[in-house]
Amino acid sequence: MNVEPLMQDREQALALWKKYQAHKLGSTEIDHEIARIAKMVAAGKVMIKALDAIVKAGVDDTGRPKLAIARADQKRCILDLQTDGSAIMHNQASTWARPNTAASRRFDFPAGSFGTSTRQRRLEGIVPHIPPDIRPKRGIQNYHVLWEVLWRREIPVDPMLLRRVGTSGDLWIVLHVWDLTDIERAVLAGHMPKQ
């Protein structure tokens, strides 16, 4: 998976953080958030715009998004793809995504994000398993997984574990990138929910 980091130059990030520290008097909430993110990048954290990366990755030859995102405690990701290219990624299997779904479980993509189609479609992808050595010990609902989705009953291979920076917006810290082994994929395949 090829996702572009927000800022790669740690020295540039450190300079930005120092600039915001030097002018703390009268700082706003936005100033504090910028300084915090710059400090994380200067410390070596990789930041990405995950939702933007999903749109930029585009669609496969059948018009399905190549990347997906879901909360780390979810087993599946459901995509409701509209004819105008808008979409919602969520985890509500029984009905179309409701507007009051928690923001951490629902991701809206505007019209044109995934081209256009002659029909609405509902697709389902399997959320990758997080190995125990990198799985958050608590608060797993505060983390998300980004991966190359297959949109069929197959296990993905190379996901990223993310944590959102702030309460909204599209800034995410990449905590881990891993490859699922053949053993992990085989066991997960045996535990997939029946349709």
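Readers should treat all values here as calculations from the given coordinates under stated rules, not as data from a laboratory. Just so you know, these numbers come straight off a predicted model, no measurement behind them. With ideal geometry, Cβ positions are generated from the backbone for all residues, glycine too; neighbour counts draw on all protein chains shown.
Given their separation in residues at 0.36 nm each and the Cα-Cα distance between them, ARG121 and ARG138 gain 2.6 nm when the chain is fully extended. Is region 101-195 rounded, prolate or oblate when judged by the Cα gyration tensor, a ≥ b ≥ c being the square roots of its eigenvalues, rounded requiring a/c under 1.5 and prolate requiring a/b larger than b/c? It is oblate, given that a/c is not under 1.5 and a/b is not larger than b/c. When the helices of the chain are scored as -39500 (n - 2.57) per DSSP H run of n ≥ 4 and the total is divided over every residue, the value at 222 nm lands at -7000 deg cm²/dmol. Applying a DSSP loop filter and a limit of 13 other Cβ atoms within 10 Å to the trypsin sites (Lys or Arg not before Pro) in region 23-55 leaves LYS24. Can you match Cα Rg over 2.2 N^0.38 Å to one of these, (1) 1.11; (2) 1.03; (3) 1.23, based on a calculation from the structure here? After the calculation, the listed value that fits is (1). When the Gaussian network model of the chain links Cα atoms closer than 10 Å, the mean-square fluctuations of PRO132, PRO156, PRO110 top out at PRO132.
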